[in-house]
């Protein structure tokens, strides 16, 4: 986790000044305005990658997925698009969509722009598969097993007055990490 000491880099210099100087230098070298340089900087976030859902946290307790046959893959691409794909083990059909996202820590905001026309009919009832839908979800990287560097992604989902946390691990961790395999690991190969 990050240190509670905020706002200062080593040597006591404010981080904001260093960040602004970095953007100014990037702007001078590339001819790109600072605002665009900042957008480019944010696009290379720690949440980028392919993530497979493997557990959840509800009322402070870690649990396996409620439906062990539900396999979910989330791909957060460097170009600011994301792909959500889910299917059920042993059943035909799938749901897939694409969205534009921004990582504005601690929130991941997105707008869905495409749903696969070959999606199963049930996908039409899933709000996460509806083009035009906008949303924002709190996300965090936490220490844990299952990913290179020992990180897992938490996505906080509102559930009435409570929060359900989906826990994801990087696909890169699924292969050869020594971590216990989960059914969703098969999606990492697609």
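The values are calculated or read from the model by the stated rules, or taken from the named source; none is laboratory data. Quantities reported herein were computed from a predicted structural model and do not represent experimental measurements. Using ideal geometry, Cβ is built from the backbone for each residue, glycine included, and neighbour counts are taken over all protein chains shown.
For the stretch 106-122, which positions are within 14 Å of residue 85 (Cα to Cα), at pLDDT 95 or above and either in contact with a helix residue (DSSP H, G or I) (Cβ under 7 Å, 6 or more places away or on another chain) or not in a loop (DSSP other than H, G, I, E, B) (or both)?
112, 114, 115, 119
Can residue 96 be described as over 14 Å from the mean Cα position of the chain (by Cα), loosely packed, with under 13 Cβ neighbours inside 10 Å and not in a loop (DSSP other than H, G, I, E, B)?
Against the criterion (over 14 Å from the mean Cα position of the chain (by Cα), loosely packed, with under 13 Cβ neighbours inside 10 Å and not in a loop (DSSP other than H, G, I, E, B)), residue 96 does not qualify.
How many residues, within the stretch 41-74, are in a strand (DSSP E or B) and surrounded by fewer than 17 Cβ atoms within 10 Å (Cβ to Cβ)?
6
Return the residue satisfying two criteria in turn: it lies in the stretch 155-173 and is part of a helix (DSSP H, G or I) and out of contact with any strand residue (DSSP E or B) (no Cβ under 6 Å at 6 or more places or on another chain), and of such residues it is modelled with the highest pLDDT.
Among residues in the stretch 155-173 that are part of a helix (DSSP H, G or I) and out of contact with any strand residue (DSSP E or B) (no Cβ under 6 Å at 6 or more places or on another chain), the one modelled with the highest pLDDT is 172.
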